[in-house]
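Quick notes on the structure that follows.
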Amino acid sequence: MDAYDIFKKLTQGTRIRREKQVNSREIEIPTSENDNAINESNNIPKESRLRSYNNTEITLLKGMATQSMKGQKRKLSDPNEIEKKKRMLEQEEINHYRNVNNISVVGRHIPNPARVFSDLNIDKDIQENLIKCGYSEPTPIQKQGVPVMLEGRQLLACAPTGSGKTAAFLVPIIQHLNGPQKQGFRALILCPTRELASQTQRECVKLSEGRGFKIHIISKIKKALTQYGSKSNKKYDILITTPNRLCFLLNQEPPAIDLSSIQWLVIDEADKLFEDGSRSFRDQLQQILKACDNSDRKIAMFSATHTPVVAKWCVHNMVGLVRVTVGHKNAAVDTVVQELLYVGNEHGKLLEFRNMVRQGLSTPALIFVQSKERAQQLFNELIYDGINVDAIHSDRTQTQRDNTVRSFREGKIWVLICTELMARGVDFKGVNLVINYDFPPSVISYVHRIGRAGRAGRQGRAVTFFTNEDAVNLRSIAHVVRSSGYEVPDYMLKLKKQPKSKVKKLAKQAPERDEITTVPLYYRIKGSKKTKFREISKRIKSKKPTTETSDKKSVSTRENNRPKTKKISKKITLKTKEGQKLKKSKKKPSSSHL
Ligand SMILES: Nc1ncnc2c1ncn2[C@@H]1O[C@H](COP(=O)(O)OP(=O)(O)OP(=O)(O)O)[C@@H](O)[C@H]1O
C-alpha cells in the first residue's frame, strides 16, 4: 500500500468543502520546500491544491471539523516569508511538471526532474552517446530516475513497457563508475533471461562508448568458472547476468566470482525475479547481497509492473528509498491498439490466425503461446503456410535462441512464435503486432506481452484470442484494455470476479488445451488400424486432449521436427486436396500473399 492508497483509505467518507475563492498571494503552505515525503505529485490542479491548503474545512464526521487556517496569514513584507513563498512556488512548478509527465514520487528530499539531457548532471560524452542513440529528450522515467540515482539514492522505479528504463539505470551507473579501474566488477545488473541480459549489454556498450569499460555477460559458464575469481586481474567493470548463473559461480568452493567491489546492484524486471520459482529469487538475492559486501553498495529496482511483494522488500531493505512511478501501476501501454477476440475453441484460433494472414498480417509479429510444446505445435502448423516463421522457447539451445532473435531483428523472420520467455524486457524495434494465441496467465503477463509492441512511443496492435476456458482472467484483462482507452463489450467488465485462489493457480499452471494441429487424430497415432481406432475411442471416452506430445516430451528443435512433419504432410497429400497444396508450398515457400 503506498501513500496514495493510505490517503484514499483515510479520507474515505470525508467531505471536502470549499469556503471561498482566494487569490494565490493569500496562500500559505505549512510545509518546507523539501518536505515532500508523501506523494508530491497528484492529479489535483495547482490552483485548487493551493487553495485547499488554506481555505478548506475538512468535515471528517458529522459535527467534527478541523480548524480553518484563516487568520494565520503572515506578512509578505518579511524577507524570510518572501523567500519561503518563492521556494514554495518553485516546488509547485516542479510538482506540476511531474503531473504533466505522469510522474509520481514517494520519499524524502527528492531531486528535481530533468527537462532535457543537459539538465542532468552527466558528462558531455554520455550526453553525446545518448544523442547518437537517437534520444533527443529524456523519457519521464529518465527525467526523474536518473537524478535520483545520480544522487546515490536507492530507487524502486515502475514505468510502462518500452519507456526507456534501461537507459534510466545505465546512464547514472556509467557516470558514477567514470572509467575503467582494475578493481573488479563495480556494477551488477540482474535480468530474468539471457536474451534480456545481452540486450542490456548492447545498450550499455552504446551508452558508454569512449569510456573503455569492460562489460561482461556470463555466456559460457565453463569459461566463467575460471575467468572472474579472486585470481583474475580484476579487469572488469560491469556484469550483466541472470541470477541462476551468478549463484552457480558463487556456489563454487571457493566462489568463482568476486563481488566485493560492487557499488550498484540493479534488478531489472524486479517483480518477475521475485515471483516464486523452483528456487526462490529471494534466497538467491540474499546470497548475492552477502557477496556484494561493499559498504557503499546501493540497489535500484526497475519494472513495468508493480507487485506489493517487491515494494515490501524494498521498504525493509533499502535505506533512504525513493519510489518513482510513471503512469498508473500495472497499466498497459496506450500506444498499442488492443482487441479481445472470442474464437470458440482451439481450432478457431488457427482459423482466425489464418484469416488474419489472408487479410494481410502486419509484421513483424510476435505470437505468444503458453508452453514450449505448443510453440512447437504451432510452428509445425505454420511452417508450410508460406510465412517466414520461427519459434523460440527454452527447449532450444542457446545458439538456436540467439540465431532466431538475430534473424527476427534483421527481418529474416516475420512471425516469431514464443513463450513467456520473451514477454519481458526484450526490445524488438518496430514490432507491429502481438497475438496472444493463448490467453495470458495474468494481468501482469498481459501488460508485458503486449508491451513488446508500441515501444518508445511507436504504434502497435495486440490481438488476444480467448475461449470459454479463459473466463478466469477475462474480466481483469478487459479492465486493463478499457483503461488504456480501447473498447471492450460491457459483459466482459460485468463478469463475476473470480476467487483469488483460482487466479493464483492459473498464474502458476496453464490450463490444459487441445493440441494445435489440423492433422486428424487417426494420422497422429502410430500402429495398426485396430490400435488406432482403439486409441481414438479411448481418448474420446476419457475426453483427454488429443495430444501426442502430452504422452512423450516434444521434440525440441525445428530441425528435429521437420522430418516428422514432412511425413505427416505426405500422408495428407494422399488423402486431401488441402494436403496437396501444403506439399506444393513446402517445396517453394512463398511469402508473396502477405
Ligand atoms: N530518451 C529516449 N528517447 C527515445 N527512445 C528511447 C529513449 N530511451 C530509450 N529509448 C528507446 O526505447 C526503447 C525501449 O527502451 P527500453 O528497452 O529501455 O524499455 P523498457 O522501459 O526497459 O521496457 P520493458 O519494460 O519492456 O523492459 C528502446 O528501443 C530504446 O532504444
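The values are calculated or read from the model by the stated rules, or taken from the named source; none is laboratory data. These numbers were taken from a predicted model, which means no experiment stands behind them. With ideal geometry, Cβ positions are generated from the backbone for all residues, glycine too; neighbour counts draw on all protein chains shown. We work out accessible area using only protein heavy atoms, side chains counted, and drop any ligands, DNA or RNA first. Shrake-Rupley method; radii C 1.70, N 1.55, O 1.52, S 1.80 Å.
Structure above, values below:
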item: Sequence-separation-based contact order of the stretch 336-507, relative, with Cα cut under 8 Å and 6+ spacing, percent; result: 29 percent
item: Where labels lie 7 Å past Cα in the beta-carbon direction, separation of Lys508 and Lys494 in nm; result: 3.5 nm
item: Per-pair calculated FRET efficiency, R0 = 56 Å: Lys530 and Gln286 via Cβ, rounded to 0.05; result: 0.40
item: With every protein chain in place, the stretch 88-326: carbon and sulfur % of accessible area (1.4 Å); result: 49 percent
item: Assigned charges on the beta-carbon of Lys, Arg, Asp, Glu; the stretch 88-326 dipole about Cα centre (debye); result: 840 debye
item: Cross-link pairs beyond the 23 Å C-alpha cut-off, checked among Lys182/Lys223; Lys84/Lys124; Lys214/Lys272; result: Lys84/Lys124; Lys214/Lys272
item: Karplus-derived HN-Hα couplings along the stretch 462-468 (A = 6.51, B = -1.76, C = 1.60, θ = phi - 60°), whole Hz, x at Gly and Pro; result: 10, 10, 10, 7, 9, 10, 4
item: Fraction of accessible area attributable to carbon and sulfur, the stretch 418-457 (%, probe 1.4 Å); result: 56 percent
item: Label-point separation in nm, Val205 to Glu81, each point 7 Å along Cα→Cβ; result: 6.3 nm
item: Virtual spin-label span in nm between Lys329 and Phe248, 7 Å along Cα→Cβ; result: 3.5 nm
item: Cβ-Cβ FRET estimate between Lys223 and Glu137, R0 fixed at 41 Å, reported to 0.05; result: 0.50
item: From phi via Karplus (6.51, -1.76, 1.60), per-residue ³J(HN,Hα) for the stretch 492-500 in Hz, x at Gly/Pro; result: 5, 6, 8, 4, 5, 5, 8, x, 4
item: Percentage relative contact order, the stretch 95-190, counting C-alpha pairs under 8 Å, at least six apart; result: 26 percent
item: Two-decimal Rg/Rh across the stretch 88-326, once Rg and the Kirkwood Rh are taken from alpha-carbon atoms; result: 0.96
item: Test item: Cα-centred dipole of the stretch 336-507, Lys/Arg +1 and Asp/Glu -1 on Cβ, debye; result: 640 debye
item: Under 5 Å, built H, 5+ apart or other chain: amide partners of Val266; result: Leu188, Ile189, Leu190, Ala300
item: In the stretch 336-507, lysine pairs with alpha-carbon atoms under 20 angstrom apart (chain gap of 8 or more, or interchain); result: 7
item: Protein-only accessible surface order, largest first, of Lys220, Lys290, Lys214 at 1.4 Å; result: Lys290, Lys220, Lys214
item: Integer Hz, Karplus 6.51/-1.76/1.60 couplings in order for the stretch 347-358, x for Gly and Pro; result: 4, x, 5, 5, 4, 5, 5, 5, 4, 4, 5, 4
item: Farthest toward positive dipole pole in the stretch 336-507 [+1 Lys/Arg, -1 Asp/Glu at C-beta], among Gln498, Gln400, Tyr486; result: Gln498
item: Amide N proximity, the stretch 163-204 versus Lys234 label position 7 Å along Cα-to-Cβ, cut-off under 15 Å; result: 180-187
